[in-house]
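**Q** Here you go, one structure.
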């Protein structure tokens with residue numbers, strides 16, 4: 001038969017809270033980092049940039065326009081200038097210069113328009129901010 005437990009052998013039942021065990025260094029390394037306190041999160045963020053002045057906005061607009069116009073001119077000039085040398089190479093039986101003029105240059109022009117629209121939207125938002 002089972003031996004009755006005496007007070008010295010019985011588990012102690014108390015109302016005291018059980019102390020949490022400290023994590024081992026390996027457990028601490030694997031634990032996700034604690035989220036920063038909301039007041040600390042705002043302190044770490046950089047301050048918002050001041051809105052652009054009208055002169056800065058137009059300077060950046062002119063620089064972007066000049067850069068993209070130079071890319072447009074370079075694309076147009078190179079496709080026409082190197083057409084004779086590229087005519088010797090063929091892709092699927094067609095001269096490479098045909099592909100550059102028909103598809104390549106058109107894709108570059110489309111990219112120029114997309115870059116201009118994207119960058120001008122950002123510049124205008126910075127100016128209005």
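The values are calculated or read from the model by the stated rules, or taken from the named source; none is laboratory data. Since the structure is predicted, the reported quantities are computational estimates derived from the model, not experimental observations. Virtual Cβ from ideal backbone geometry, glycine too; neighbours counted across all protein chains shown.
**Q** Being exposed (fewer than 12 other Cβ atoms within 10 Å of the Cβ) and assigned to a helix (DSSP H, G or I) is the filter here; which residues of segment 49-68 pass it?
**A** Correct list: 54, 55, 62, 63, 66.
**Q** Kindly evaluate residue 34 against the criterion of being at pLDDT 70 or above and either in contact with a helix residue (DSSP H, G or I) (Cβ under 6 Å, 6 or more places away or on another chain) or assigned to a loop (DSSP other than H, G, I, E, B) (or both). Spell out how you get there, then give the answer.
**A** Numbers: at pLDDT 70 or above: no; either in contact with a helix residue (DSSP H, G or I) (Cβ under 6 Å, 6 or more places away or on another chain) or assigned to a loop (DSSP other than H, G, I, E, B) (or both): yes.
It is false that residue 34 is at pLDDT 70 or above and either in contact with a helix residue (DSSP H, G or I) (Cβ under 6 Å, 6 or more places away or on another chain) or assigned to a loop (DSSP other than H, G, I, E, B) (or both).
**Q** Quick one: which residue in 69, 123, 64 is free of Cβ contacts under 8 Å to residues at least 60 places away in the same chain, within 22 Å of the chain's Cα centre (by Cα) and closer than 30 Å to residue 50 by Cα?
**A** 64
**Q** Scan segment 75-106 residue by residue and report those that are at pLDDT 85 or above and surrounded by 12 or more Cβ atoms within 10 Å (Cβ to Cβ).
**A** 75, 76, 105, 106
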